[in-house]
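**Q** First the structure, then my questions, so here it is.
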Amino acid sequence: MNFHMSVYGITLNILLFFFRSGSTKLAPDYIHPCNDTSSECLVKATQDAVPHFVRGIPELDIPTLDPFVIEELSIPLSGVKVTFLQGKVSGFKNCIVDNVISELDKRHFVLQFHTNLTIKGQYTAVGRLLLFPINGEGDATIKLTNLRMKVDINTKYIKGKNGLHHFGLRNYKYTFDYGDRVSFDLQNIFKESKQLSDTVLNFLNENWKTVAEEFGKPIVDYAVELAINTIKKFFLAVPYEELINVPIPI
Ligand SMILES: *[C@@H]1O[C@H](CO)[C@@H](O)[C@H](O)[C@H]1NC(C)=O
Ligand SMILES: *[C@@H]1O[C@H](CO)[C@@H](O)[C@H](O)[C@H]1NC(C)=O
């Protein structure tokens, strides 16, 4: 029994050896590792990778980020409970990378970008708005123009089973602003009255900034969390040395 197991072990090691020593790399071809940590190179490398990366990498079990679907998200507002269903978020593939900072020895990474996003799905809204009972449901489209975001990530280095190092994520925080405009298109806010629905919709659009500030955070939190988890998976799948050509500071 032991004998067989060690034979298997040896075979496995030999196989692994051939896999690793061949030109087999795990990173997709659109990853162009920088030879230094200049922002110039990192911005370009990130910008090159984004439109491909957001499509997902099935071989590595990395999910698609453009589009991604928010199955259900409830936003309790004062007096009204709004729920989004099957919200399809698209637009990350067109994001413009504004800055990337990688401080390898401080284990610190910053990504700054802006993008246009569209969220399309269904919504329900139940409750009371001012004097009016609300019982709306229907199609919902929300468009964000030039959403700006800065994500600040503390990293670590993890040694994988195969002895290779990987980036790991310790924690993150982010700041953002809703950019130039957020537009709302919500059908049937009041089932009984098209006119009242239109009036409220106009109100929402005229006050988009306030509305976005009240509404938006849970949606943005959700999107960032998803993106971070996706990056985390990617880092665990692809070794450090395939991502950047700078000696690891450990
Ligand atoms: C890094 O250096 C290699 C080897 O000189 C080169 O082929 C590659 O293009 C460089 N990478 C970048 C992003 O400049
Ligand atoms: C977003 O859309 C606006 C208006 O359509 C356009 O001017 C802008 O360049 C777009 N931004 C990005 C990041 O694609």
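The values are calculated or read from the model by the stated rules, or taken from the named source; none is laboratory data. It should be emphasised that the depicted structure is a prediction, and the values quoted were computed from it without experimental measurement. Here Cβ is always computed from backbone atoms with ideal geometry, including for glycine, and neighbour counts include all displayed protein chains. Keep in mind that these areas ignore ligands, DNA and RNA; they rest on the heavy atoms of the full protein, side chains included. Shrake-Rupley method; radii C 1.70, N 1.55, O 1.52, S 1.80 Å.
**Q** When you look at residue 128, is it more than 16 Å from ligand 1 (Cβ to nearest atom), farther than 25 Å from residue 204 by Cα and open to solvent by 50 Å² or more (accessible area, probe 1.4 Å), yes or no?
**A** no
**Q** Mind counting the residues in segment 1-32 that are modelled with pLDDT of 50 or more, loosely packed, with under 10 Cβ neighbours inside 10 Å and hydrophobic (A, V, I, L, M, F, W, C)?
**A** Looking only at that region, the number is 0.
**Q** Still on this structure, I have one more. So residue 35 ticks every box in (1) surrounded by 19 or more Cβ atoms within 10 Å (Cβ to Cβ); (2) touching a residue at least 60 places away in the same chain (Cβ under 8 Å) but one. Which box is left unticked?
**A** Result: residue 35 fails condition (1) only.
**Q** What are the pairs with Cβ atoms under 7 angstrom where one residue, in segment 66-84, is more than 19 Å from residue 126 (Cα to Cα) and part of a strand (DSSP E or B) and the other, located anywhere, is open to solvent by less than 60 Å² (accessible area, probe 1.4 Å) and at pLDDT 90 or above? Sequence gap at least six, or different chains.
**A** Between residues of segment 66-84 that are more than 19 Å from residue 126 (Cα to Cα) and part of a strand (DSSP E or B) and residues that are open to solvent by less than 60 Å² (accessible area, probe 1.4 Å) and at pLDDT 90 or above, the close pairs are 68/89; 68/226; 69/87; 70/84; 70/87; 70/89.
**Q** Can you tell me how many residues in segment 160-183 are farther than 28 Å from residue 118 by Cα, at pLDDT 95 or above and either open to solvent by 30 Å² or more (accessible area, probe 1.4 Å) or within 16 Å of ligand 1 (Cβ to nearest atom) (or both)?
**A** Here the count works out to 2.
**Q** Cβ contacts < 6 Å: first residue touching a residue at least 40 places away in the same chain (Cβ under 8 Å), restricted to segment 184-198; second residue among the β-branched types (Val, Ile, Thr) and part of a loop (DSSP other than H, G, I, E, B), any location; separation 6+ or different chain. Result?
**A** 197/189
Yes/no per residue for (1) within 15 Å of ligand 2 (Cβ to nearest atom); (2) modelled with pLDDT under 95; (3) open to solvent by 80 Å² or more (accessible area, probe 1.4 Å):
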position	(1), (2), (3)
108	no, no, no
112	yes, no, no
139	no, no, yes
146	yes, no, no
151	no, no, no
